[in-house]
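Here's the structure we're looking at; comments come further down.
The values are calculated or read from the model by the stated rules, or taken from the named source; none is laboratory data. Note that the structure is a prediction, hence the values are computed from the model and not measured. Note: ideal-geometry Cβ built from the backbone for every residue, glycine included; neighbour counts use all protein chains shown. Surface areas here come from the heavy atoms of the whole protein model, side chains and all, with no ligands, DNA or RNA. Shrake-Rupley method; radii C 1.70, N 1.55, O 1.52, S 1.80 Å.
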Amino acid sequence: MSQRAMWVVGNWKQNHLPEAALTTARAIADGLAGANGGVHRVHVGVAPPYLSIAAARTACRPISDLWLFAQDVAAQDAGAHTGEVGPAMIAQAGCAGSIVGHSERRADFGDTDALVRRKLHATLGAGLHAILCVGERLEARDAGTHESVVISQLSAALSDLPLELVTARLILAYEPVWAIGTGRTATPEQAASMHRCIRGWLAERWSAAGADRSILYGGSVKPDNAGALVAAGDIDGFLVGGASLEAPSLLAIVRATASAPSHTP
Ligand code: PGA
């Protein structure tokens with residue numbers, strides 16, 4: 001029986017210039033190095049702005065448990081694409097992978113389902129981790145169509161993904177748009193229920209390989225609600241925005257995640 005990986009990844013969004021990125025990443029790396037026991041079963045990462053990835057990487061040397069991610073990635077590796085940063089570039093910069101399809105990219109920067117799919121395939125195809133974000137807007141939650149919205153996002157991004165890319169480095173993140181940056185968190189029951197729905201969809205397509213994927217929750221996760229969320233079951237950690245900007249709160253979320261019972265599919 002395999003055990004799903006637990007993750008806590010901080011999405012710094014458009015925050016932390018290099019100096020702050022270095023200080024914060026160093027404090028997180030030091031906190032992880034000094035932590036004991038179960039904390040080490042949680043994979044911890046941060047996604048700095050591109051400009052600050054190199055500085056954050058310095059904090060991770062020579063050896064650290066802290067993973068680096070990009071917040072977004074281009075669908076192509078190189079060429080005449082002004083403003084873009086592709087999978088090979090983020091890998092070269094020291095990132096283990098990228099967030100893909102964050103709702104802010106979808107809503108504010110024109111990331112359509114089709115583009116999200118291309119970015120996801122390019123990232124996984126380059127041997128990197130991809131954290132695919134899905135989540136419904138408030139109207140869909142109120143109308144009771146939240147599951148079908150999320151399934152249509154999953155289906156657009158993943159339907160024809162070859163099995164070897166599913167099993168490689170695919171991580172899912174359920175982030176209800178109405179909970180992001182609003183202080184309004186999904187209840188543990190709402191989150192766990194959507195995670196079961198996502199896992200069911202993955203299992204239908206790829207059996208155990210699909211069901212084994214880590215599914216993170218994101219949306220106003222804080223040190224004081226992380227424990228209840230992760231205890232609800234089927235939640236394999238978190239994608240954290242605001243509460244990841246300071247090392248102590250991110251580390252507190254990591255400890256809360258580590259204290260959850262082991263998840264076995
Ligand atoms: P938040 O952001 O924790 O600030 O709500 C989460 C995210 O956007 O990934």
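Rounded, prolate or oblate: which fits the stretch 1-56, taking a ≥ b ≥ c as square roots of the Cα gyration tensor eigenvalues, rounded meaning a/c under 1.5, else prolate when a/b beats b/c? Display every interim value, and only then the final one.
Details: a/c = 3.63, a/b = 1.74, b/c = 2.09.
Judged from the Cα gyration tensor, the stretch 1-56 comes out oblate (a/c at least 1.5, b/c at or above a/b).
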- Column: log10 I(q)/I(0), Debye, Cα scatterers of the stretch 108-252, q = 0.09, 0.13, 0.18 Å⁻¹: -0.26, -0.56, -1.09
- Mind grabbing the accessible area of ILE253 for me, 1.4 Å probe, Å², rounded to tens? 0 Å²
- Message: Students sometimes get this wrong: rank TYR50, TYR217 by accessible area, probe 1.4 Å, all chains present, largest first.
- Response: TYR50, TYR217
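Excluding ligands, DNA and RNA, what is the solvent-accessible area per residue of the stretch 6-258 at a probe of 1.4 Å, expressed in Å²?
Details: 10130 Å² over 253 residues.
On a per-residue basis, 40 Å².
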- Task: Please provide three numbers in whole Å: the alpha-carbon extents of the chain along the principal axes, with the largest listed first.
- Result: 47, 44, 37
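Determine the percent antiparallel among the DSSP beta bridges restricted to the chain, to the nearest 5. The partial results should precede the final answer.
On the way: 0 of 29 bridges.
Close to 0 percent.
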- Note down the net charge around ALA203, summing +1 for each Lys or Arg and -1 for each Asp or Glu among other residues with Cβ under 13 Å from its Cβ. +2
- Note on the structure: Placing +1 on each Lys and Arg Cβ and -1 on each Asp and Glu Cβ in the stretch 58-199, then taking the dipole about the Cα centre, the residue among PRO188, ALA114, HIS146 whose Cα reaches farthest towards the positive end is PRO188
- Message: If you average the C-alpha positions of the stretch 1-63 and of the stretch 153-213 separately, how far apart do those two centres end up, in angstrom?
- Response: 23 Å
- Message: Cut-off 10 angstrom, C-alpha nodes, Gaussian network model of the chain. Which of GLN92, GLN153, GLN76 fluctuates the most?
- Response: GLN92
- Query: SER159 accessible area, nearest 10 Å², 1.4 Å probe?
  - Reply: 60 Å²
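Express the carbon and sulfur contribution to the solvent-accessible surface of the chain as a percent, rounded to the nearest whole number, probe 1.4 angstrom.
Details: 5850 of 10940 Å².
On the chain, the fraction of accessible area on carbon and sulfur atoms equals 53 percent.
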